[in-house]
Amino acid sequence: MPTSKSATKRVRVAKKKEERNRKVKDQLKEAIKNVEEALEAEEVETAKEELREAKQTIDKAVTKGILHENTAARRKSKLERRVNKLIN
């Protein structure tokens, strides 16, 4: 247990940040999963729409500091390649 007031506050702040980060990560995983499900079902229009939403979610995670820019770019590129492969 923290003994000082500042340590107690750090525990509270860390808990809030953890909850916020978990929420964003869950949204991120859900968005990517939706794209993958559309790809498996071979639904081109749905895959395009889900890809657009997933890219937005990934970008939001970057701005909140949850993902590194390069990691986000890699994930978006990977999804984009898979959707383009389905289209062609």
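Is there a quick way to get the dipole size of the chain? I mean about its Cα centre, with the Cβ of Lys and Arg at +1 and of Asp and Glu at -1; what is the value in debye to the nearest 20?
Values: 25 positive and 16 negative charges, 221 e Å.
The calculated dipole for the chain is roughly 1060 debye.
Helix-derived [θ] at 222 nm for the chain: sum -39500 (n - 2.57) over DSSP H runs of at least 4, divide by residue count, nearest 500?
Details: 3 runs with 75 residues, N = 88.
Per the formula, -30000 deg cm²/dmol.
With point charges of +1 on the Cβ of Lys and Arg and -1 on the Cβ of Asp and Glu, referenced to the Cα centre of the chain, which listed residue (Q27, V44, V13) lies farthest in the positive direction of the dipole?
Farthest towards the positive end: V13.
Sorted from largest to smallest, which semi-axis lengths in Å does the alpha carbon gyration tensor of the chain give for its equivalent ellipsoid, taking the root of 5 times each eigenvalue?
Numbers: eigenvalues 264, 28, 12 Å².
Over the Cα atoms of the chain, the ellipsoid semi-axes are 36, 12, 8 Å.
What are the ³J(HN,Hα) values, in whole Hz, obtained from phi via the Karplus relation 6.51 cos²θ - 1.76 cosθ + 1.60 with θ = phi - 60°, for each residue of region 8-18 in sequence order, with x given for Gly and Pro?
4, 5, 4, 5, 4, 5, 4, 5, 5, 5, 4
A short reminder: the numbers here are calculations on the coordinates, not readings from a lab. Keep in mind that what you see is a predicted model, and the values were worked out from it rather than measured. Glycine gets a Cβ as well: all are built from the backbone with ideal geometry, and neighbour counts include every protein chain shown.
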